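For reference, the structure is listed below as structure tokens.
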Amino acid sequence: MQVYEALADEFAAEGVRTVFNLMGDGNKLWLVAMSNRPGVQLVNVRHEAAALSMAEGFARVSGDVGVCSVTYSTGITQIATPLAVAAKHGTPLVVFAADIPADQRGPGSQIDIDVRSIVRDCGAEVQEIRGVDTLRQDVRTAFHRARTGRRPVVVLAAPELQEREVTGRHDVRDEWSPGSARVAGRPRPDPALLKAAADLIGRATRPVVLVGRGAVEAGAVPAVRALAERAGALLATTLPAKGCVDDDPYNLGIAGSYSDSRARSLLARADCLIAVGASLNPYTRAHGELFGGVPTVRVDVRADAAPTGTREVFLHADAAVAADELASLLPAIRSDTWRDAANAEALRQDGRPAEIASVPAPVMRDRTDPRQLVTALDAVLPDDCEVVIGVGNFTTFPVRFLRNPGRRRFHPLLDFITIGQALPVAIGAALAAGARPTVAFEGDASFMMHVQELETAARYAVPMLVFVMNDGALGAEYHKLRGHGLDPAESIMPSADVCEVATAFGARARRLTSLAQVGEIVEWFDADAGPHVVDCPVVRDVVGEL
């Protein structure tokens, strides 16, 4: 047995069953070995960046480590942007990549580059395969670090090492074992700080409980909702936790830059914020417009989390444990807060029509108002779909006008504010979702950045429905240029015929030019027929959150 075969065994032992990859000279032997492992599928893509984005989508939906593979040097430089996206999001990934061959290192080499610095500058970690005797420990360490640290780890294996012989099995004894990090500890809050937090909440009459992604991933949403009821609090979510409490009568929706006007007016009146598993970044604070100076209880399990202000009680604890213990310290369910019948009735009303009517869009033939389009789609899309949302002016519309009537899960891709990610992420998400349908919203310019991966989706019959919000421009830049009083002409960049391009790559495609066609689109979608693309010409003059 050679090292590349032993490495394939170790990846398979970690439970890897799907590897997104672009084969090159440095990873070809390992990929062939992986393809021969029982139950392992290679997804061969057209660009290295797409391989990593697909692995990230797979990890976001599956909840386990996503795996991709690229070759040395240029393969690693190609994945820099999606690697930074994954690191910013905190996605557990393992990338198998070749290190630079020994005979290609040093001055004058065409491929020598400091790949370790590139990886670390993107926020990821490096794990070298140090030798024959350590390969098992090195692979297990990489997966352990990815799982516990929730970050990408790039495994570097020199080509000359990959071809060395392994004599016998090297059963290295170490503390790692496959999947050993999947169940983390559940730290309890400090009792004195817990009492201080309960006292702070008890004095509030307009508390808001903010549910973050950390609470969702910890399975703490039921406990957090019970805490909100006990405290008499309204509920809101961060953008990454969108939809997790949409069925609660006291739900305000997203807190922050993507709040609607009704939610923002209520959030601005809060006299206590209880943030569970939420980082309170500038977008959640609406760039300083929300929660400034509001007494805050913040719960976070991350080892690197820390208090952010003097009027904050910080509980380093598991989200569910802290929510349960806080609720137990509060008196009986309160009736003296704004969790009352009037607010419940106001929040029960669908605010979307009024929101749209307050800023009317011009009526244009064969183009829809994107807000009305997404509202109409909301009524007919499956209740259990995975929803991937790309980045652009269009982002506001699915973020604000889609809801969660059942078991929808939302995956907004704003972690690094980069366009072009939704299509490949959705491919990976769809392959992890199984019977759950996957729906993606992408802009026309960003759709074209990785449009070649439609061929990948068609080759593997990936069941997905992609809506291209086509305003014929770089929409965010168009509106920002107009805001600066400048001519936006250079941002207008009509795409090639989306339907013809999608069809050429093997996808089914059609154009949606009126709201009356929305029901037809959903009936037309056949999950067994692979990827479907809907070109949605939309009115350009509707401004999203910038």
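The values are calculated or read from the model by the stated rules, or taken from the named source; none is laboratory data. Here the structure is a predicted model, which is why all the values come from computation and not from measurement. Positions of Cβ are backbone-derived with ideal geometry, glycine not excepted, and every protein chain shown enters the neighbour counts. When the accessible area is computed, the model is the full protein with side chains, heavy atoms only, and any ligands, DNA or RNA have been set aside. Shrake-Rupley method; radii C 1.70, N 1.55, O 1.52, S 1.80 Å.
For the criterion of being crowded, with 23+ Cβ neighbours inside 10 Å, at pLDDT below 95 and within 25 Å of the chain's Cα centre (by Cα), residue 283 fails. Listed by first and then second residue, the pairs linking a residue in segment 507-534 that is closer than 21 Å to residue 366 by Cβ to a residue that is assigned to a loop (DSSP other than H, G, I, E, B) and of a type in the set (Phe, Trp, Tyr), with Cβ atoms under 7 Å apart and 6 or more places separating them unless they lie on different chains, are 532/525. Of 490, 477, all but one fail to be surrounded by fewer than 13 Cβ atoms within 10 Å (Cβ to Cβ) and within 22 Å of residue 418 (Cβ to Cβ); the exception is 490.
For segment 363-395, a residue qualifies if it is farther than 14 Å from residue 541 by Cα and hydrophobic (A, V, I, L, M, F, W, C), and the qualifying residues are 373, 374, 376, 377, 379, 380, 381, 385, 387, 388, 389, 391. Segment 6-109 holds no strands (runs of 3 or more DSSP E) entirely within its bounds that carry 2 or more residues that are of a type in the set (Asp, Glu) and touching a residue at least 60 places away in the same chain (Cβ under 8 Å). Among the residues of segment 114-124, those identified as surrounded by 18 or more Cβ atoms within 10 Å (Cβ to Cβ) and either of a type in the set (Ser, Thr, Tyr) or modelled with pLDDT of 95 or more (or both) are 118, 119, 122, 124.
Within segment 216-258, the set of residues being of a type in the set (Val, Ile, Thr) and within 28 Å of residue 545 (Cα to Cα) comprises 216, 221, 237, 238, 245, 254. Consider segment 421-442 and keep the residues that are in a loop (DSSP other than H, G, I, E, B) and over 13 Å from the mean Cα position of the chain (by Cα). The one that is farthest from residue 378 (Cα to Cα) is 434.
Figure legend. Inter-residue proximity from segment 383-403: first residues closer than 19 Å to residue 436 by Cα and open to solvent by 20 Å² or more (accessible area, probe 1.4 Å), second residues among the acidic types (Asp, Glu) and assigned to a helix (DSSP H, G or I), beta-carbon distance below 6 Å, spacing 6+ or different chains. Indicated pairs: 403/378. Helices (runs of 4 or more DSSP H) fully within segment 182-234 that include at least 3 residues being over 15 Å from residue 326 (Cα atoms) and in contact (Cβ under 8 Å) with a residue 40 or more places away in the chain: 213-217. Scanning segment 136-170 for residues that are part of a helix (DSSP H, G or I), among the aliphatic types (A, V, I, L, M) and open to solvent by less than 10 Å² (accessible area, probe 1.4 Å) yields a total of 3. Quick one: is residue 95 under 21 Å from residue 34 (Cβ atoms) and touching a helix residue (DSSP H, G or I) at 6+ places or on another chain (Cβ under 8 Å)? Yes.
If residue 323 meets every condition in (1) under 27 Å from the mean Cα position of the chain (by Cα); (2) open to solvent by 60 Å² or more (accessible area, probe 1.4 Å); (3) under 30 Å from residue 187 (Cβ atoms) apart from one, which number is that one? Unmet for residue 323, out of (1) under 27 Å from the mean Cα position of the chain (by Cα); (2) open to solvent by 60 Å² or more (accessible area, probe 1.4 Å); (3) under 30 Å from residue 187 (Cβ atoms): (2).
Tallying residues that are in contact with a strand residue (DSSP E or B) (Cβ under 6 Å, 6 or more places away or on another chain) and open to solvent by 70 Å² or more (accessible area, probe 1.4 Å) within segment 494-512 yields 3. Of note, residue 190 satisfies the criterion of being acidic (Asp, Glu), surrounded by 14 or more Cβ atoms within 10 Å (Cβ to Cβ) and at pLDDT below 95. Only residues that are under 24 Å from the mean Cα position of the chain (by Cα) and either within 17 Å of residue 53 (Cβ to Cβ) or hydrophobic (A, V, I, L, M, F, W, C) (or both) were counted in segment 450-486, giving 20. Taking first residues from segment 295-313 that are more than 18 Å from residue 209 (Cα to Cα) and partners that are at pLDDT below 70 and assigned to a loop (DSSP other than H, G, I, E, B), no Cβ contact under 6 Å between residues at least 6 apart in sequence or on separate chains turns up.
All conditions in (1) touching a Gly at 6+ places or on another chain (Cβ under 7 Å); (2) surrounded by fewer than 19 Cβ atoms within 10 Å (Cβ to Cβ) hold for residue 58, with the sole exception of (2). When the residues of segment 241-273 are narrowed to those that are among the hydrophobic types (A, V, I, L, M, F, W, C) and either at positive phi or part of a helix (DSSP H, G or I) (or both), which ends up most open to solvent (accessible area, probe 1.4 Å)? Looking at residues that are among the hydrophobic types (A, V, I, L, M, F, W, C) and either at positive phi or part of a helix (DSSP H, G or I) (or both), I get 266.
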